[in-house]
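Take a look at the structure set out below.
The values are calculated or read from the model by the stated rules, or taken from the named source; none is laboratory data. Everything numeric in this text was worked out from a predicted model, so none of it was measured. Because the Cβ atoms are built from the backbone with ideal geometry, glycine has one as well, and the counts that use them run over all protein chains shown. With ligands, DNA and RNA removed, areas are computed over all heavy atoms of the protein, side chains included. Shrake-Rupley method; radii C 1.70, N 1.55, O 1.52, S 1.80 Å.
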Amino acid sequence: MATDLQRVWRKLTWPWSPLSEREASEAIVRNLWLHWFPAKVSGRSLSWSYSLWLGTAAASLFVILTVTGVMLMFFYVPSTERAYGSIKDLQYAVSFGRVLRNQHRWSAEGMVALVFIHMARVFFTGAYRGSRVLNWLVGIALLLGTLMLSFTGYLLPWDQLAYWAITVGTNIASSAPLLGWTVQYLLLGGHFVGQQTLLRFYVLHVFFLPAVVWMLFAYHMWRVRKDGGLAAIEAVRAERRAEPKPMPRSKSYSLFGLTPGTSVAVMSSMGLEERDQVASSPNLTRRMILVFLAVFNVTLLLSLLFNAPLEGPANPAVTPNPAKAPWYFVWLQELVSSTTIHLGSFTISGGLIGGILVPGVLLAALILWPFFDRSPASAEGVWFARTRTRQNAVFTIISIGIIILIIVGLYLRGPYWHLYWPWSRRPVLPQVL
Amino acid sequence: MAERQDQSFEREDFAWLVAMSIVFFVLVAIALWREYATPWRPWQHRFKRVLAQAGRFEDARKFHSGFRQIWNPELNLADRCVSCHLGFEWGGILPASLPQPLTPHPALSYMTHHPFERFGCTTCHAGQGWATTARGAHDGGPGWEEPMLSKQLAASCEVSEAELIQMRCNFCHRRDVSTEGMDSLNMAKKLIKRRKCLICHTIEGQGGHTAPDLTYEGDKSPEMFDFSHVTGPKTAFNWHVEHLTDAGKVSPGTAMPDYNLPPEQARALALLILSWRRINYPPQYIPEAGAASAAPRPR
C-alpha cells in the first residue's frame, strides 16, 4: 500500500533524478527540445544574481506571445472594416478573448522592457567582449526585431491610436534622407494609410518578423553555447587555468608530466573543472521552468487586473488630442517634437533629428561599442567592474535620459501636446453632445 | 562535489517551483471564474424568475442562460445589449413598470416598421453594442464617440431623450419633409425653409455658396469649433445652439444674421444639424422622400 502510494505520488510529481552523470547528460542530448543546451553547465551561469535570468524571461515572453498570438489569429480579421470589430469581439464575446488579448499586450510591452534590461545587464557586466561580440550584435538585431514587432502589432486593432501611430511613424520614416519617401511608400503600400498598409503590417507582424526573431533567437542561444557559456565563467576559467595541476601519476604520462599545467585527460573543454559544473538536467531545465512559470504568472496576473487599451475606431478625419506613440517610442516622439523649431510661419520639422539622427547615432554607438572597449579582460563577466566605470556611466546617463523623455512624453504631455504636471488640471476637450 | 551542487540547486528551487505552480493554478482558476461570472448572468437568472411570476412557465422553462445579441451584418451591427435588457420584446406581457434592465420596450406606433431584429438597439439609442458590460455599453470607454443617448445626456442638453434619439432617426429620414414621431426635427426642418437658410448655405447640393456647406456638418470634430466666445458647455451641440441664437457673439464678424431663435427651436435645429452625417446605410433602409410612414422595403 505504502509503495503503491509512493508510486502514484512519483507519477503525479513526475520527479527527475538521474542516477548517473551519463543519464543526466543523455536527457539533454537525446531530447530534441533540450539539446541546444550543453549537457553540463557551470554553476556560476545558473546563479540568479549574475544574469538575473533576464534573457530567459524575455524568451519566455516571446513563447507566450507566439502562443497567444497564434490563438488571436483565429479571431482577428486584417481588414480595415473588420479589424476593430474583431478586437471588440475578442474583448466582449470570445471566451477568454479578453484575457488572451491582455496577455498578448502586456507580454509584448514586457518583452520590450526586458530585452532592453537584458541588454543593460550585458553591458554592465562587460559580457560582450572577445568572441561574444557577434552575439552582442545579434542581440541588437533582436532588440530591433522586438521593437518592430511591437510597432507592427500596435497597429492591428485599427483604432485611433493605431491609425495615428502609423501616420506619425511613417511620416518620421519619410524624413530620412534619400530613401525616406521610398521607405514610407513601401511601408504604407501606397501614399495613404489604408487597407494595403494594414495588410503589410499584419504579414510583417504574424509571419515575417516572428520568423526572423525566432531564427535570430535560436542563433543567439547557440552562440551562448559556442562562446562557452555566460561571461560569468571567464573569471573561473582564468582561475582554473592558473591553478597548478597535480602531476599525472600514470607511467605513460611521466615523460610529458615534466611540464607544468594540465593534460588533455584532466582538462575539460571549457577550462572548467568538474566541481564547477552541474548537470543541465535537471538543474538548468528546472530553473528555466521556474522562470517561465514566474513570467507566465506575472503576465496572467496583469491580464486579469488591467485591460489592454483600445480607443475609438480609426477615424482619418479626427486626430486624437494628444496622439501619443506607445511608451517605448514616446521618447522619440518627444525628441521629434522638442527639436521641431518654429520660426515665424516657418517650421523646421524635428523628424530628421529626433526620428532618424538621434536613434541612428544611438544604434551605431551600440553596434560599435565593443570594438572601442579598451577595458582589461578582468572586467569581463563582472558586474560594474571598476575599470569600466566611465563606460557604465555613459550608458546609464543615456538610459536615464531616455527614461526621462519617456516619462515626460507619457505623463506630462496633455492636450495640444502642452506640458502639464500630473496633478495640474488639463483642459477638457470639447464633445459632440 | 558535483553531487552536492546539484542538490543545493534543487533545495533552492523546489519551494519556489511549488509556490509558482500554486500561483499558476490559482490564477487560471480566477480566469475561469471570471469567464463564467459575467455581469449579464445574474440578470438572466432574475429574468427567468420574472417570466415565471408573470405566469409564463413554459417560456421560463425554455429560457436558456447565455450570451445574446442582435446581429445584422447589413448595418455592421452586433448589439449585445439584449444580454441584460432581456424584457425588450415582452411588452404587453411583462409590466412596463419592471425596473431596468428588464423593462419591456415601449410599444411605439413606428416600432412596427422598425423591428428589433433588423434595427437592433444602437441604431436609435447609440452606445457601444459590442460591449457586454453596463459601463462599456453605455459610455463606450475612452475614445468612444457614440455614447448612449441617455436621460442624463439629454438633460445636460436640455432636451428630452426622445428628442436626442430623433437625431439618429434622421440618419435615414433626412430627406423626409415630415416624419411620424420626429416632432422636434420636423419643426427644425420647417425652420430651415422658413428662415431661408439655403439662400447662403448649401445642403445636399442645393443652396447658396456664401456660407459653409452644411451637408455633413454633423461629422465635424468638436475640436474644429471655436469655443472662445461660447459661454455654455464646450460641446458641438451647444456651439450650434448659441450660434443659432446669437451668431455675432459666437463668431464675431460673421455674415450670419442673429436669428434670436427661442431656445427650443435653436436646440431642435442644432440636433438636425448634428444629424447630417455621412452614414452608409444600405439603400433598402433609406425611405423615399415623402414616404416617411411607409415601412422600409423588404429586400
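Take each peptide in A:90-100, A:342-352, B:211-221, count the other Cβ atoms within 10 Å of every residue, and average; sorted highest first, the result is A:90-100, B:211-221, A:342-352. Based on every Cα atom in chain A, Rg and the maximum pairwise Cα distance Dmax equal 26.3, 98 Å. The order of A:THR389, B:THR123 by accessible area, most exposed first and with a 1.4 Å probe, is A:THR389, B:THR123. Based on Cα atoms of segment B:182-285, Rg over Rh with Rh as the Kirkwood radius reads 0.96. Amide H to amide H, with H built 1.01 Å from N, A:GLN277 comes under 5 Å of A:GLY43, counting only residues 5 or more places away or on other chains.
A Cβ-based charge dipole, computed about the Cα centre of segment A:325-433 with Lys and Arg at +1 and Asp and Glu at -1, lands at about 240 debye. Quote the FRET efficiency, to the nearest 0.05, computed for A:GLU243 versus A:LEU34 with a Förster distance R0 of 35 Å and r equal to the Cβ-Cβ distance. Efficiency computed from Cβ-Cβ geometry: 0.65.
Taking each pair of different alpha-carbon atoms in the protein assembly as shown once, compute 1/r for the pair, average those values, and report the inverse of that mean as the Kirkwood hydrodynamic radius in Å to one decimal. Result for the protein assembly as shown, one decimal place: 31.1 Å. Between 0 and 90 degrees, the angle of helix B:161-173 with respect to the longest Cα principal axis of chain B falls at about 80 degrees.
The angle between the Cα long axis of helix B:2-36 and the longest principal axis of the Cα atoms of chain B comes to about 40 degrees, rounded to the nearest 10.
Solvent-accessible area per residue in the protein assembly as shown equals 54 Å², computed with a 1.4 angstrom probe and all protein chains kept. Counting only Cα atoms, segment A:341-386 measures 58, 18, 13 Å along its principal axes, largest extent leading.
Expressed as a fraction of 2.2 N^0.38 Å, the value expected for a compact globular protein of N residues, the C-alpha radius of gyration of chain B is 1.40.
For segment A:277-416, the alpha-carbon coordinates run over 68, 46, 22 Å along the three principal axes, in decreasing order. Peptides B:33-44, A:43-54, A:291-302 ranked from most to least packed give A:291-302, A:43-54, B:33-44, packing being the mean of other C-beta atoms within 10 angstrom over each peptide's residues.
The protection proxy used here, the mean number of other Cβ atoms lying within 10 Å of each residue, ranks peptides A:371-378, A:329-336 as follows, highest first: A:329-336, A:371-378.
The charge dipole of the protein assembly as shown, taken about its Cα centre with unit charges on the Cβ atoms of Lys, Arg (+1), Asp and Glu (-1) only, comes to about 1500 debye.
Between B:VAL28, A:LEU72, A:ILE398, the Cα set farthest toward the positive side of the dipole of the protein assembly as shown (charges on each charged residue's Cβ, about the Cα centre) is that of B:VAL28.
Legend: mean number of C-beta atoms from other chains within 10 angstrom of residue C-beta atoms, peptide B:12-21, equals 5.
Rounded to the nearest 10 degrees, the angle from helix A:280-305 to the longest Cα principal axis of chain A is 20 degrees. Interface residues of segment A:73-90, defined as those with an accessible-area decrease of at least 50 Å² between the chain by itself and the complete set of protein chains (probe 1.4 Å), are A:LYS88. Under a model in which nothing but the beta-carbon of Lys, Arg (+1) and Asp, Glu (-1) is charged, segment B:182-285 shows a dipole of about 300 debye around its Cα centre. For segment B:41-139, the orientation-averaged shadow of the C-alpha convex hull comes to 6.5 nm² (one quarter of the hull surface). Buried between B and A is an accessible area of approximately 4000 Å², summed over both sides with a 1.4 Å probe. Dipole of segment B:41-139 computed with +1 at Lys/Arg Cβ and -1 at Asp/Glu Cβ about the Cα centre; of B:MET111, B:THR132, B:GLY55, farthest Cα towards the positive end is B:GLY55. Across peptide A:97-104, the mean count of Cβ atoms from other chains lying within 10 Å of each residue's own Cβ comes to 2. For the peptide B:220-231, the mean number of other protein chain Cβ atoms found within 10 angstrom of a residue's Cβ is 3.
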